[in-house]
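Let me begin by presenting the structure, written as structure tokens, before commenting on it.
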Amino acid sequence: MRLENKVAFVIGGTSGIGEATAKKFAEEGAKVIVGGRNEDEGNRIVNEIKEQNNEAIYKHTDTTDFEEIKTVVQEIIDAYGTIDILYNGAGIHDSYKTILDTDESDYDKIMDVNVKGPYLASKAVLPIFIEKGKGTIINVGSQASFVAGPGGSTYVTSKHALEGFTKQLAYDFGRKGIKVNLLAPGFVVTPMTEGIDDERLKDIPDQRAGEPEEIASAAAFLASDESNYMQGTSLVIDGGWNVGR
């Protein structure tokens, strides 16, 4: 019960790592708001959380729409009185396309979801954290936050940007009691990676893809008071992907 009575807004919580994180936060005692655009999946996850006698609600959340995010944040405040944890987990991949294969519209879409989304959500929630002098932001990066290759041109660019954004948030607001860190998964079995046969998995120490629940456990650590002396850093969980790079 490391997150007992905490209110956690899990954006990107309707599938994959986000779903596992929403469930893990609830198991740890948090009141979870599952944010995402897939209403059917969001309600399914909420029902599964409630079946375990934990608390959750679903909120339609388009992370690229600032007005919608502000509305959802206000609805969370109306329901629970505060927000303690913001998990920025919405993200999309570019199927390893180079710059020459990437249309400008595709570039804009990926950057909007992967970079602008966390920016807008953080901007909406930070005043709440500042007012009470405490709060936690977890941005979900990737091994692509550090090296080329785990995605195409736009995806790698977006995840590198997210690491810098995380550091700057910590620098600007850490002294105000706000903890900001990056969660950096390696190759994980999720709908986003379905159909991608990556031979490089054979070369990493673990020789396998990770499971969403393994990443969710690390997210719970970052959300808890156990990580209170971590600030602006990246927690890498990649089976050793980057060891030999």
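Only the coordinates and a few stated rules stand behind these numbers; no lab work does. Remember, it's a predicted structure, so these values are computed and weren't measured experimentally. No Cβ is skipped: glycine too gets one built from the backbone with ideal geometry, and neighbour counts run over all protein chains shown.
Some points to look at:
- Residue tally, condition more than 17 Å from E75 (Cβ to Cβ) and of a type in the set (S, T, N, Q), over the range 24-47: 2
- Tally, over the range 4-16, of residues that are assigned to a loop (DSSP other than H, G, I, E, B) and in contact with a helix residue (DSSP H, G or I) (Cβ under 6 Å, 6 or more places away or on another chain): 4
- Residue match in the range 1-18 (condition: acidic (D, E) and either buried (at least 17 other Cβ atoms within 10 Å of the Cβ) or touching an Asp or Glu at 6+ places or on another chain (Cβ under 6 Å) (or both)): no
- Among the residues making up the range 142-174, those that are among the β-branched types (V, I, T) and either part of a helix (DSSP H, G or I) or in contact with a helix residue (DSSP H, G or I) (Cβ under 6 Å, 6 or more places away or on another chain) (or both) are T154, V156, T157, T166.
- Where a residue in the range 1-23 is on the phi > 0 side of the Ramachandran plot and its partner, wherever it lies, is among the aliphatic types (A, V, I, L, M) and outside any helix (DSSP H, G or I), with Cβ under 7 Å and at least six apart: G12/A90
- Matching option when the condition is touching a residue at least 40 places away in the same chain (Cβ under 8 Å), surrounded by fewer than 22 Cβ atoms within 10 Å (Cβ to Cβ) and within 16 Å of the chain's Cα centre (by Cα), among I237, I138, I215: I237
- Some residue of the range 18-36 being within 21 Å of A184 (Cβ to Cβ), aromatic (F, W, Y) and out of contact with any Leu (no Cβ under 9 Å at 6 or more places or on another chain): no
- Those residues of the range 158-189 which are of a type in the set (A, V, I, L, M, F, W, C) and within 13 Å of the chain's Cα centre (by Cα), in sequence order: L162, V180, L182, L183, A184
- Within the option set T21, T61, being β-branched (V, I, T) and more than 19 Å from A79 (Cβ to Cβ) holds for one residue only, T21.
- Where a residue in the range 88-100 is farther than 13 Å from V156 by Cβ and its partner, wherever it lies, is in a loop (DSSP other than H, G, I, E, B), with Cβ under 6 Å and at least six apart: G89/G12; A90/G12; A90/T63
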